[in-house]
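The values are calculated or read from the model by the stated rules, or taken from the named source; none is laboratory data. Keep in mind that what you see is a predicted model, and the values were worked out from it rather than measured. With ideal geometry, Cβ positions are generated from the backbone for all residues, glycine too; neighbour counts draw on all protein chains shown.
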Amino acid sequence: MKEKLNYSYYPGCSLHASAGEYDLSTRELFKKLKIGLTEVPDWFCCGATPAHNVDELLSLSLCAKNLELADKVEGDLAVACAACFSRLKTTQNVLSESEVKRKQVEKAIDAPVILDSHVKHLLEILARDLGPERLAQSVNKPLSGLKVACYYGCLLTRPTDVPNLDCVEAPTIMEDVLKAVGAETVAWTHRMECCGANFTLSRPGVVIQLTNAILDSAKAAGADCVMVACPLCHGNLDIRQKEIEGVYSVNYNLPVFYLTQLVGLAVGLGPDKLGLAAMMVNPLPLLKEKGLL
Amino acid sequence: MSRIGVFVCHCGENISRTVDVERVAAQVGKLPGVAFATDYKYMCSDPGQNLLKKAIIEQKLSHVVVAACSPRMHERTFRKAVESAGINPFLCEMANIREHCSWVHENREEATVKAIEIVGMMVERVKKNRVLPTITVPVTKRSLVIGGGIAGIQAALDIADCGHEVVLVEREPSIGGHMAQLSETFPTLDCSQCIMTPKMVDVANHPKIKLYSYSEIELVEGYIGNFQVTIRKKARSVDEDKCTGCGLCMEKCPIKKIPSKFDCNLGMRTAIYVPFPQAVPNTPVIDRENCTKFKTGKCGLCQKVCGPGAVDYEQEDRLIVEPVGAIVVATGFDLYTINEKPKGSMIKGYGEFGHGKIPDVIDGMTFERLASASGPTGGKILRPSDGKEPKQIVFIQCIGSRAREKGISYCSKVCCMYTAKHTMLYHHKVHDGQAYVFFMDARTPGKSYDEFWRRSIEEEEAVYIRGMVSRLYQKGDKIVVMGSDIAVGVQVEIEADMVVLATAIQPQKGADTLAQKLGISYDKYNFYSEAHAKLRPVECATAGIYLAGACQGPKDIPDTVSQASAAAAKVMTLFAKDQLEREPIVARVREAGCVGCFYCKKVCPYGAVEEKEIRDRQGNLIRVVAYVNPGVCGGCGTCQATCPSKSVELDGYTDEQIVAMIEAL
């Protein structure tokens, strides 16, 4: 048995807002798995997509400061949101390659730049640090019979060579985690396609079109539900699903779970601890039908 | 007392820009033993060399130091010049004040001081130089050619036509290589088999070529002019001398459903087989893994039907030693495997393209077999999944090539041309079909190449889309190709019936292992390295070993044939002399000091150290000492560093010389 796992935790803005159930289920799951999780005190926004589109120094500085704050807490940094994960890793990558930028950032944040800390997405923690074997041992309600379409979206593995989470274009890490908790995963075509992300506000038409293709593909592959590891993907697939069904006159009824919700279910957490009530597409009928509640 | 001449070169401005060459000459001229010192703009030029020769005669010089570029560049030049003026060439040394000084420094004062020190060191060193006699070794005028593709065949034929014996070793049961698999060839669309098979027959019939098919290189020993090569002749289970090639055994073999590697798994073969009907030699081989006789002990049908009694289940691998003087390596290429991504490999796969999962996503070589008149479909373009003719076909270039994120940064050079050819072959066979090509750049340098490419667009109606494809997926019986057209800036989706991926060229599997056996160098992709990218493109840095074809880098057929003939010419240059002269930079044993511990023998990478018995006049053994065979010694100096009694010294690099250099600092 390895020693107890311990992480510092960077929830990111979405998890304190629209993705509250992701935050809740993460904390509850880690508690249940006896993995230490300490929220980084005084963390703030990573800058997400807007910052690096406007000002590179700003976006690097925001992440660098957060990394510096996180370094004061024991353990590797656990990140839930795919965008935060991508930005934090990109920052480490860019700053380790450019001394000029490193000096600029150091000046801007008035603190040392931390380049050697390990930034880990929750998927990595479950699939690698804890590992499928130990994860399987914690399961008391295997998700057998549940067919899940694992949706990676854009930023978990991209840009190339930055997150280093898994194979950039054909990853399997989500499937690996779900297999360990007894679920069935489907092979489908749109697992890596963009959902439109934050164009959801400025160009909703584009998002509806892209998201429809994703849901259509998942349904065609015979999935009962979709699993995501990013609050923006979740927003588009879950919140907009009703609207899409209206626009395209289709009926998907595909609940969109966070990774931590499905794994949490398998280790025996109840709906109240997983925030299932906050989901727009009600998952309860499906879970009851599969005997998982 | 030595009379040393020092000649300081400006190298145009390469040295004089940073180093005060006049001051260097003036300073060094004051050193004890230096009789003459001067500087000149281009020492390596004709007037520069004449200045050197004149000074040697007029000043009665005994040793020479040329302070100029790296000895790798011009040591040979100056030693030759010195020799023509009557001094032993090994009494001339070069002080490298260009690569080691002027090119890497900016401060003129410091660089000048450093240059003076470098030259001073070489002055002290040259004082200790000894006259060394040139070593000659005999040349075995036979050559080994490794690989029986078009490169190996061309090299073997050229050498053999000059009257020298060639040992040609091919790993597969037949020679022919990849070229034998191709349908028609660019830029003339002549049939590959039609131009290839006559050459294969020439090899088989040539009295000077000894062909070992289904054989591999086991061990390579020796050195230029005198290699000993051990060849493993794998058990074919058919006696080549008895077999008449009638084919009855293959007709009767009950195991008929083994996917044929030659046909890219589209066709089937029997357990006793020749890879293709035009195979050379036309002798079948038994695939022991799939043969019922070898698996269960039963069957034996092929042996029963064989008239001449050639089938021999007891045959074993044989090891054969062949002495040769030169080696041509022509091991060719392999195609990038689209999905394979071994853990930890620097090269990654394209899982997102569904190759191997979607049956109608194929690679370029598979398309060649479909288009080939002798292929599994008789030259009809048919989908592997349902045998239907594809009406919309998409070709995607640069699969693996130029994709740094997948681990390969080089261009595979042939794909633009063969994809253009594929669109033409397709258009010739499917008149109502439409071909699309996704490409990054069209690279068509070569005689009549760009015209050929233009033809595919202008006359054969291929639609070229500049951009890459992100994903392929099956939708019903169509394959959806999701890509981008960067010229227009839009996303493109095509519903195709078949997709052909132009995969990167990689060296053959095991190229690195063979290189280690041969002692030649290779790059990070396992392509073999030439001695000089521009001026010695077919020679290896290891003397006596030459390169031909795609084992050195991606190449098309014309380039491969040219390089193969060039390699043959280099072999002929070597064979033009009966004796080889080689540099006398070899280790020598001082027998009086040698205690016979043979540590030197253990560390010698060339196997040059032998045991020598010292006997008195009555023939009684007194002791055993080490002896370095000067023909084999590579001059690395490892023995010198190892010898506990300091009894081995490398000529030209003795301890005395090195210590003198250090003391001069």
Helices (runs of 4 or more DSSP H) contained entirely in the range A:132-240, each with at least 2 residues that are more than 30 Å from B:Met346 (Cβ to Cβ) and within 14 Å of chain B (Cβ to nearest Cβ): A:204-220
Of all residues making up the range B:386-401, the number that are away from chain A (no Cβ under 14 Å), outside any strand (DSSP E or B) and either free of Cβ contacts under 8 Å to residues at least 24 places away in the same chain or under 36 Å from the mean Cα position of the chain (by Cα) (or both): 2
Mind telling me which of the residues B:Arg288, B:Arg383 ends up being part of a loop (DSSP other than H, G, I, E, B) and either among the small types (Gly, Ala, Ser) or closer than 30 Å to B:Lys517 by Cβ (or both)? B:Arg288
Test B:Val488 against the stated conditions and say whether it is assigned to a strand (DSSP E or B) and either more than 22 Å from B:Asn339 (Cα to Cα) or within 14 Å of chain A (Cβ to nearest Cβ) (or both). no
Unmet requirement for B:Ala567, which otherwise passes all of (1) free of Cβ contacts under 8 Å to residues at least 60 places away in the same chain; (2) surrounded by 19 or more Cβ atoms within 10 Å (Cβ to Cβ): (1)
Residues of the range B:108-131 being part of a loop (DSSP other than H, G, I, E, B) and in contact with a Leu (Cβ under 7 Å, 6 or more places away or on another chain), in sequence order, are B:Asn129, B:Val131
Would you check if B:Met43 is at negative phi, among the aliphatic types (A, V, I, L, M) and modelled with pLDDT of 95 or more? yes
Of everything in the range B:506-518 that's out of contact with any Cys (no Cβ under 9 Å at 6 or more places or on another chain) and part of a loop (DSSP other than H, G, I, E, B), which residue is surrounded by the most Cβ atoms within 10 Å (Cβ to Cβ)? B:Gly510
Does the range B:582-604 hold any residues that are surrounded by 12 or more Cβ atoms within 10 Å (Cβ to Cβ), of a type in the set (A, V, I, L, M) and in a loop (DSSP other than H, G, I, E, B), and which are they? B:Ile585, B:Val586, B:Val595
Condition first: on the phi > 0 side of the Ramachandran plot and either buried (at least 19 other Cβ atoms within 10 Å of the Cβ) or at pLDDT 95 or above (or both). Can you find one or more residues in the range B:414-424 that meet it? no
So, in the range B:343-366, of the ones that are within 12 Å of chain A (Cβ to nearest Cβ) and either part of a strand (DSSP E or B) or at pLDDT below 80 (or both), which residue ends up surrounded by the most Cβ atoms within 10 Å (Cβ to Cβ)? B:His355
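Regarding B:Tyr313, is this residue under 19 Å from B:Ala403 (Cα atoms), away from chain A (no Cβ under 14 Å) and touching a Ser or Thr at 6+ places or on another chain (Cβ under 8 Å)?
Against the criterion (under 19 Å from B:Ala403 (Cα atoms), away from chain A (no Cβ under 14 Å) and touching a Ser or Thr at 6+ places or on another chain (Cβ under 8 Å)), B:Tyr313 does not qualify.
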Search result, residues across the range B:605-656 that are without any contact (Cβ under 8 Å) to a residue 12 or more places away in the chain and part of a loop (DSSP other than H, G, I, E, B): B:Asp616, B:Arg617, B:Gln618, B:Gly619, B:Asn620
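Just name the residue that is nearest to B:Gly148 (Cα to Cα) out of those in the range B:249-302 that are β-branched (Val, Ile, Thr) and more than 37 Å from the chain's Cα centre (by Cα).
First, the residues of the range B:249-302 that are β-branched (Val, Ile, Thr): B:255, B:258, B:270, B:272, B:274, B:280, B:283, B:285-286, B:292, B:296.
If we keep only those that are more than 37 Å from the chain's Cα centre (by Cα) as well, we get B:255, B:292, B:296.
Details: B:Ile255: 28, B:Thr292: 30, B:Thr296: 34 Å.
The residue in question is B:Ile255.
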Set A:Leu37, A:Leu77: member being of a type outside the set (Asp, Glu), touching a strand residue (DSSP E or B) at 6+ places or on another chain (Cβ under 6 Å), under 23 Å from A:Thr172 (Cα atoms) and not in a helix (DSSP H, G or I): A:Leu77
